[in-house]
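Below is one structure, written out as C-alpha cells; the observations come after it.
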Amino acid sequence: MQGPWAKEGAVTLAVAVVLIWLAPLMISTYTLTILIIYGMLGFSLGLIWGFGGILCFGQAAFFGLGAYVYAIAAINFGESTWPMILAVLVPAGFALLLGAMMFYGRLGDVYLGVITLVVTLILFKFINSTAGPQYVIGKARLGGFNGIPGFQTLNVPGNPEAYIWGDAYYYVCAALLVIVYLLVTALLRSSFGRIALGIRENEVRMSLMGYDIAARKTVLFAIGAAIAGLAGALFANWGEIVTPGLFSLGQSAEIIIWCIVGGLGTRVGPILGAAGLAYLKFMLGQQSLIDNTLIMGLILVLFVLFLPKGVVPAVASLWKTSFGRRPFSRVHQARRMRNRGRGNG
Amino acid sequence: MDLSVVILVEMLYAVASLVLISSGLAVVFGMMKVINLAHGEFMMMGGYVTITAVGLGVNIFVAMLIIAPLVVGLIGLVVERLVIRHLYGRLVDTMLATWGLSLLFIGLATMIFGNTTTGISTPIPGFTVGNYQINGYNFFIIVVAVVLVIAMLVVLKSTRLGLIARGTMQRPDMAAALGYSPDRIYMATFFCGSALSGLAGAVLAPLVGLVPTSGGAYIAKAFITVIAGGPSLVAGLISSASLFGVVNQVFTFAISPVFGEVALLVSAVILLRLLPQGVTAKFFKGKM
Amino acid sequence: MTVNRRAFLGTTAALTGAAMLPGFALAGETIKLGSVLDTSGIFDAYGKPMDMAMRLAVSQINAAGGLLGKQVEVIAYDTQSDMALYSQYAQQLTRQDKVDVVQGGILSASREAIRQTMRKTKTLYFYNVLYEGGVCDRNIFINGVTPAQQVAALVPYAMGKSGKKVYILAADYNYGQITARWIQKFVTDNGGETVGVDFFPLDVSDFGSTIAKIQTAGTDLVIAPLVGGAHLSFFRQWAAAGMKDRIPLASTTLGVGNEHKVLTAAEGNGIMVAYNYSQELDTPANAAFKAAWAAAYGDSKAIHELAVSNYQGVMTWAKAVAQAGSLDREAIITALESGLSIDGPAGKVTVDPKTHHAVLDVHLMEFENQGMKVIETLPQRQPIDTQSVCDLAANPGDNTQYEIDI
C-alpha cells in the first residue's frame, strides 16, 4: 500500500512540475490561471460524481459561495489568509447541512438533481436582489447584480501589502491544485475512499454490510464543496470581482460538461476536460462566425452519444490496446455508474 | 373586494402558466421517463415561430395555437430520431444530451434571430374589474390551460390511442407482442410533448420579451413542478402547479416578485424533502 | 526517450501557440483605443450602436489624418452582457494590450467592475452613458446625463401633467437603486408623495402583480427606471392591461436603447422622458452626424442616446490628445480640465473640471409614433448633484462613488 502510493505521488509530482513549468511557454499565465481554477472546479465535481455517484446540478453554488465568502471576508479583514480559509470552510459547512438533509431523506438521483439545482437558483435569486444599501455584511455591500468589486486580493500571509498576482499567482494556483489532487488521491486510497466506491456501485450492499451510507455521502459531498469553494476563492482573486453569475445554471452546466468530456471515474479527466474546454471557449470567443454556445452544446450531445466515457478513459483504453500496459483501472466503471438512473424513474 | 378579484385572477393565472410551461415536460417525463432539459428552448422556439409567423402576416391566434406547436413538434421529432431514441432507459444520459441540445438551440437561435429582445403585442385588450384594470390576456392563458388539461385527460383516459400509449409506457414488451411498435409510440409521444412545449412558448410570447436564452427562465420551474408532481401525470401537474402558483403569488403580493420566486423554490425543496416521490405518490396513487 | 518526446511536444506546441497569437509585434506606431461593450447578450440593444458609433468616430479621426500624426487603432472586446467578462477584458486591455485609453462600459455595474483596474494601471477611462451620478475619480471622464440634469427636469414636468402621487419601478442594481432615491428626492422637493418603490432584478419579465399594486396605491404617475430587454415587457403588459390611458408613465431609461422603436406606437405614445439626444433633433450637427452614420452603415435608424454619448466621448478624448500634443495621461487630463468642449450631434458638451462630468443640453421629450418629440430644451445643464459632493481640483486623490441619502 505504502509503496505504490508513494511512487504514484512522486510521478504525479514530477509530471505536474514539468507541466507547470512548460505551460507558460505556450499560453499566457493570466489565461493559464483561470484554466487551473476551472480544472480544480471540474475536479470537485469529478470527485463526488465520479467516485461517489452523487450527481450534483449545483456545484456552481459552492463555487459562488466560496468566491462571495472570500470577497466579503477580505473586505472586512483587509487581508487574505482568513478569507481563504473561510472560503473553504463555509461551502463545506453548507454542503454538510444540505447533504445531510438530502441523504438522510434518502432522495433518489433525479430528486437530488432537482434539489441541488433549486438551491443554486435560490442563492442566485437572493444574491441578485441584494443591490440595496440594507444588504451589508460588516463593511461589505453585497451589491446584487453588480457583484462585489475592489476587495483585497491574495497577499503573502501576514503582510497585506505584499500582493501575489501575475506569474506568482499562477504558481500558487498550480501548487494548490497539485496539493488538492494529491490529498484526494490519498483519500481515495484510504478505506473511506474505497467504501465510497462501494456505495457508488451498490448502495444496498454497502448498507447491509453495516456502513452508514448517508453519513459517508454527506462527508464526501462536503469535501467536494470545500474544493469548489477553494476554486471560487481563487477565481475571486483572479477576476477581482464576484458577480451573481457565478451561481448561474449555465456555470453548473459547464462543470457537468467538463466532467463528461474529460471522463468520469478518473481523477485527471475532469481537470483536463475543464481546462481544455475552457481554453476552447476562450479561443472560440475570439471569433464571431459560429456561436460559442452552439459548439459547447454540440460537444456535449456528441460526447453523450458517441463517447459517453469521456476522453481520458478512451485514450487510456486506446493506450492499453496499442501498448498492452495496464492503464488506469477504474475507468470502465464510469459508464455503469452513470446509468444507475435506469431503474428508478 | 375588487382587489381580491384581481389577486384571485393573478393566482389563477400563475397556476395556469405553471401548468402550461410544465405540460410538455410532464408528458415526456411521465410517459417516457425522459427528462427533456431542452424543454425551455422548445418553448423559446415556439415563441420565435409565432413572432416570425405574425411578421409574415399570419393571424396571431393561428400562429400561436396551430403553427407554433406543429413546427416545434416537428423539431422535437427530428431530435427524438437523431438523439433521444439512442438513449432510452438511460435517464442521466438523456438529461445530459438534452442539456447539450438546449445549448445548441440557444446558439442556433442567436445566430438566426440575433441576441436582441423581440416580442409582439397582446391581441386581447385590458379588462375592468371595479376600479382595477387587468391584463385581458391572463384570461386567455387560463382558458388555454384548462382546455389543455381537459384534453390531456380525455385523450389518455377515453381514447384508444391513450390506452395504447399508457400500455406501452408500462409494458413495452407486451405492447410490442400485441402488435404496437414501442418505437413508434415513443416517437409520437415525444412529438406531442414538444408540440405542447411549443404551444406554451407561443402563448406566453406576447407577455414577455423574447431572447434566445428565454428558455432558461422556464426550465427550472417546469422541472420542479413536474418532479414535485410525482408519478401521476395530470393530477400531479395540477396539484403541484396549484401549490407553487399560489405560494408564488401570495409572496409576490405580500412582499415582492423576487420573494415570490424564492418562496416557490423554497417550498419545492421542503416538499421534496417531505414527499421525496412527489405529491401524487402519496395522495393520488394510481390515478392518471 | 520520454524526456525528448516531451521536450519536442513542448517546443512544437509553443511554436504553434506563438503562431496563433494575433500579431502584436506588428502593431507598430498606432494609438490604441480600447473598447469594452456588450455587443451581444441582453444589453446588446445598447452596446451594438455604441460600438458602431465608436468605430465611426475613429474612422472620422483617422480620415482627418489621425492624432499626433498617428492612426488610431481600435481594440474592442465583446463582454457578452456578462459583468465578470468586464474585469477580465479590462485586465487584458491594460496589462497585455497596453492601450492608451479605454472607452466603454454600459451598465453602472460594468463601470464599477473595471474602474479600479483602470485607476490602478493608470489607463485613462471614458464612461459615456447616462447614469446615477456621484462617481468622483480623477482617472475617469463621464459625459452621460446625471439625475440632477435629467430627473430634476423630468419629475416636475411629468408631475405637472399628472398628479402628486408617484410610484417608482426601478431596476435592481446600483443604477436603479440610486436613481430611485433621486426620484424620491425630487418628488418630495416638488410637493409630491412617493406611494411605492419596487425593485426588479434584470431578468424579471412578469409584472402582472405589480400592475395591480400600482392601482391599489392610488397612483397618479409611474416613473420607471427599468433596464434591459426583460423589463421592456412591463411597458407591453401595462398597455395590454389598458393602463396607458389611466396613469401616465415617465422613464429615465426607456428610449436610450431605441426601445420606442421596438414598442408599437399604441404602446409607447405619451411616455415622458428627458435625454441629451433625440434623432428628431433638428440641428445641422445632428443632420451631418446622421448622414455620416448612414454613409457608413446604410441607414441611421440604429442611432440612440448612448451611441451619441459614446461618439462624443471618443471625440472629446481626441480633441484633448490634440490639445495636449502628447499621449501622456497627465497632459491629457490637464487638457480635459481646461474646460475643453466639443460640438457633438447633441449640441455642445463641455468637460466640468471639478467633477470630470459634462455640461450639456437636456431635452424634455414625449414618445410619439415611435419617435421622441422634443417638448422643451434645457440648455447647458450642470451636473450639480455630483458637483455638490465632488471636487477633484481640491481632492485629486478622491476615489468614491457618492450616494444620496434621503
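The values are calculated or read from the model by the stated rules, or taken from the named source; none is laboratory data. Computed from a predicted structure; not experimentally measured. Cβ sites come from the backbone with ideal geometry, for glycine too, and all protein chains shown count toward neighbours.
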Failed condition for C:N128, given (1) touching a helix residue (DSSP H, G or I) at 6+ places or on another chain (Cβ under 6 Å); (2) closer than 20 Å to C:D38 by Cβ; (3) within 14 Å of another protein chain (Cβ to nearest Cβ): (3)
Answer residue from region C:95-107, given it is more than 10 Å from chain A (Cβ to nearest Cβ) and either free of Cβ contacts under 8 Å to residues at least 60 places away in the same chain or of a type in the set (A, V, I, L, M, F, W, C) (or both) and is farthest from C:S326 (Cα to Cα) among those: C:I106
Neighbours by Cβ (under 6 Å, 6+ apart or cross-chain): first from region C:313-324, in contact (Cβ under 8 Å) with a residue 60 or more places away in the chain and closer than 17 Å to C:D352 by Cα; second polar (S, T, N, Q) and crowded, with 22+ Cβ neighbours inside 10 Å: C:G313/C:Q103; C:G313/C:N128; C:G313/C:N143; C:V314/C:Q103
Complete set of residues in region C:211-253 that are closer than 16 Å to B:Y137 by Cβ and in contact with a strand residue (DSSP E or B) (Cβ under 6 Å, 6 or more places away or on another chain): C:A241, C:G242, C:M243
Positions within region C:108-125 being within 13 Å of chain A (Cβ to nearest Cβ) and in contact with an Asp or Glu (Cβ under 8 Å, 6 or more places away or on another chain), in sequence order: C:S108, C:S110, C:R115, C:Q116, C:T117, C:R119
Filter result for the condition that a residue is facing another protein chain (nearest Cβ under 10 Å), part of a helix (DSSP H, G or I) and in contact (Cβ under 8 Å) with a residue 12 or more places away in the chain, over C:Q92, C:Q88: C:Q92
Unique match (being facing chain A (nearest Cβ under 10 Å), assigned to a helix (DSSP H, G or I), over 18 Å from the mean Cα position of the chain (by Cα) and of a type outside the set (S, T, Y)) among B:G100, B:G89: B:G100
Boolean, A:I75 is within 30 Å of C:Q177 (Cβ to Cβ), surrounded by fewer than 24 Cβ atoms within 10 Å (Cβ to Cβ) and touching a Phe, Trp or Tyr at 6+ places or on another chain (Cβ under 6 Å): yes
Check on B:T110, surrounded by fewer than 22 Cβ atoms within 10 Å (Cβ to Cβ) and among the hydroxyl-bearing types (S, T, Y): yes
Scan of region A:154-189 for residues that are touching a strand residue (DSSP E or B) at 6+ places or on another chain (Cβ under 6 Å) and either within 17 Å of A:L13 (Cα to Cα) or of a type outside the set (F, W, Y) (or both), ordered by number: A:N155, A:V156, A:A162
Any pair with Cβ under 7 angstrom, 6 or more apart, that starts in region A:92-115 at a residue that is at positive phi and ends at one that is polar (S, T, N, Q): none
Qualifying strands (runs of 3 or more DSSP E) (wholly inside region C:291-406; at least 1 residues being among the aliphatic types (A, V, I, L, M)): C:341-344, C:347-351, C:358-368, C:371-381
Residue among A:L96, A:L121, A:L86 that is under 20 Å from the mean Cα position of the chain (by Cα), in a helix (DSSP H, G or I) and within 13 Å of chain C (Cβ to nearest Cβ): A:L121
Scan of region C:303-336 for residues that are of a type in the set (V, I, T) and either under 27 Å from C:T253 (Cβ atoms) or under 11 Å from the mean Cα position of the chain (by Cα) (or both), ordered by number: C:I303, C:V308, C:V314, C:T316
Residue list for region C:184-217, filter: part of a loop (DSSP other than H, G, I, E, B) and at the interface with chain B (Cβ under 9 Å from one of its Cβ atoms): C:P201, C:D203, C:V204, C:S205, C:D206, C:F207
Out of B:I120, B:I112, sole residue that is modelled with pLDDT of 85 or more and within 22 Å of B:G216 (Cα to Cα): B:I112
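One line per residue, one yes/no per condition, for (1) more than 22 Å from C:A148 (Cβ to Cβ); (2) surrounded by 19 or more Cβ atoms within 10 Å (Cβ to Cβ):
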residue	(1), (2)
C:G255	no, yes
C:L281	no, yes
C:W293	yes, yes
C:K301	yes, no
C:I333	yes, yes
C:S338	yes, no
C:P345	yes, yes
C:T350	no, no
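Yes/no matrix, rows are residues, columns are (1) more than 15 Å from C:A295 (Cα to Cα); (2) in the same structural domain as C:V256 (by TED's automatic domain parsing); (3) touching a helix residue (DSSP H, G or I) at 6+ places or on another chain (Cβ under 7 Å); (4) not polar (S, T, N, Q):
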{"residue": "C:S35", "(1), (2), (3), (4)": "yes, no, yes, no"}
{"residue": "C:D38", "(1), (2), (3), (4)": "yes, no, yes, yes"}
{"residue": "C:I42", "(1), (2), (3), (4)": "yes, no, no, yes"}
{"residue": "C:P49", "(1), (2), (3), (4)": "no, no, yes, yes"}
{"residue": "C:A64", "(1), (2), (3), (4)": "yes, no, no, yes"}
{"residue": "C:G69", "(1), (2), (3), (4)": "yes, no, no, yes"}
